[in-house]
Structure formats: C-alpha cells, structure tokens
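Engineer: Could you have a look at this structure, given as structure tokens, before my questions?
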Amino acid sequence: GESIGRNRRSIALQTWAERCTFATAEVAYCAVPNSLPEGAGLQPAIASGTPDSIYRVNIVTGSTDLVAIPSDRSAISRLIVSGDGTVLYYTNAQTGQLSEIRLQ
C-alpha cells in the first residue's frame with residue numbers, strides 16, 4: 001500500500017478510463033470529448049452525445065498525440081485495437097455502428 005500512485009503520470013486528457021484501450025504495455029488509445037458540459041466529470045452520461053477525438057497515450061512518458069477526429073463527429077462508446085495494431089475500431093454511441101481508423 002505504501003507505493004500506490006508512485007508511478008502515476010498526469011496525461012492532461014479529460015476522459016474516463018473506460019473510454020481507453022491498450023494497444024501495447026506502453027501505448028493506449030483514448031476517446032476524449034471535444035468539450036465537457038458542467039457536471040460531466042461526476043455524471044459521464046451528461047456528455048454521452050458529445051463528439052470525441054481519439055488520442056494516443058504513451059503510458060511511460062505521459063505524452064499524448066491527437067490521432068483522429070472522426071469525420072462523422074461520433075460520440076464513441078468503445079475502442080478496440082486490432083491484433084496487429086494497425087486498425088482502431090470504435091463504436092458510434094448514438095447509432096451503434098462500428099467504424100475503423102487505420103493507425104500508422
């Protein structure tokens with residue numbers, strides 16, 4: 001218990017852990033709302049229709065990079081990285097439609 005939070009890094013993204021997925025032990029992808037209405041931090045449902053951007057997060061350094069802004073201005077409910085790490089799949093929260101983004 002003495003070391004809890006010792007390796008904690010601030011990533012400066014306002015999102016929730018369940019809106020992220022790991023690609024490797026060092027890299028995660030997160031759906032980040034483009035804006036957050038007041039109170040959304042405590043009640044995520046308030047932001048459920050807010051369009052998201054997708055960021056790559058380096059867990060080791062804490063650095064973040066904007067990867068994509070979905071052209072359909074989707075609110076994203078789920079992210080999954082393909083087994084080979086070349087495609088990021090996401091679900092549109094409003095329609096339930098599965099979409100993909102090619103990763104470099």
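The values are calculated or read from the model by the stated rules, or taken from the named source; none is laboratory data. Predicted, not measured: the structure shown is a model, and the values here were computed from it. Heads up, the Cβs are rebuilt from the backbone with ideal geometry, glycines too, and the neighbour counts pull from every protein chain shown. SASA here: full protein model, heavy atoms, side chains in, ligands and nucleic acids out. Shrake-Rupley method; radii C 1.70, N 1.55, O 1.52, S 1.80 Å.
Engineer: For Thr64, what accessible surface area do you get with a 1.4 Å probe? Give it in Å², rounded to 10.
Structural biologist: 50
Engineer: Oh, and also: Mind jotting down the distance between the C-alpha centroids of region 65-104 and region 1-57, whole Å?
Structural biologist: So the separation of the two Cα centres works out to 15 Å.
Engineer: Here is a further query. Counting other Cβ atoms within 10 Å of each Cβ, which trypsin sites (Lys or Arg not before Pro) in region 3-56 have at most 11 and sit in a DSSP loop?
Structural biologist: On the way: sites: Arg6, Arg8, Arg9, Arg19, Arg56; in loops: Arg6, Arg8, Arg9.
The qualifying sites are Arg6, Arg8.
Engineer: Could you list which residues have their amide H under 5 Å from that of Val67, counting only those 5 or more apart in sequence or on another chain, with H placed in the peptide plane?
Structural biologist: Those lying under 5 Å, H to H, from Val67 are Ile54, Tyr55, Arg56.
Engineer: Please state the charge dipole magnitude for the chain, taken about the Cα centre, from unit charges on C-beta atoms (+1 on K and R, -1 on D and E), reported in debye and rounded to the nearest 20. Provide the component values of the computation, followed by the final result.
Structural biologist: Values: 8 positive and 9 negative charges, 24 e Å.
The calculated dipole for the chain is roughly 120 debye.
Engineer: Just to be sure I understand: if I project the alpha-carbon convex hull of the chain onto a plane and average over all orientations, what area do I get in nm²?
Structural biologist: Values: hull surface 30.0 nm².
Value for the chain: 7.5 nm².
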